[in-house]
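Here is the structure we will look at.
The values are calculated or read from the model by the stated rules, or taken from the named source; none is laboratory data. Being a predicted model, the structure only gives us computed values, none of them experimental. Heads up, the Cβs are rebuilt from the backbone with ideal geometry, glycines too, and the neighbour counts pull from every protein chain shown.
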């Protein structure tokens, strides 16, 4: 005996409701901290951002140590460093920017990434050790021996230190 049309429509609506409910249930059970596959994962993103932070610090330090340069020139140099870092990690600028924008729209995940960046930089700093160590450059070792080592004069001919001697005019 054939099923009337009214029952078929009700059955189709019930199946649609079940499928929709099942999809919502699957979406609710997924990992809330997961990053979609089309974006850079947290570990890779944190490594790239840590390298970029170091490049930015290097750019600031070099511009402070050399002749003063306009900030726009320094920023252009840092952009070159950023591109080299992305090439080193085999990531395109487009992929990085898409991932960065996604992380910006998900602050909880961005916070996790920056916590990894801070941990990575702290780890790198700890590996450098104490600047007073014997392998440190002379100026750092001098500060351990003489508190006012900045005022010391290093002779160009040798590594001999004569502290607290004023330059003769």
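Brief remarks follow.
- Selection of region 86-97 for residues being part of a helix (DSSP H, G or I) and in contact (Cβ under 8 Å) with a residue 24 or more places away in the chain yields 86, 88, 95, 96.
- Qualifying residue in region 47-54 (condition: modelled with pLDDT under 95 and not in a helix (DSSP H, G or I)): no
- Among the residues of region 59-85, those that are touching a helix residue (DSSP H, G or I) at 6+ places or on another chain (Cβ under 6 Å) and either assigned to a helix (DSSP H, G or I) or loosely packed, with under 12 Cβ neighbours inside 10 Å (or both) comprise 59, 63, 74, 77, 78, 81, 82, 85.
- Hits in region 98-132 - residues which are modelled with pLDDT of 60 or more and not in a helix (DSSP H, G or I): 105, 106, 129, 130
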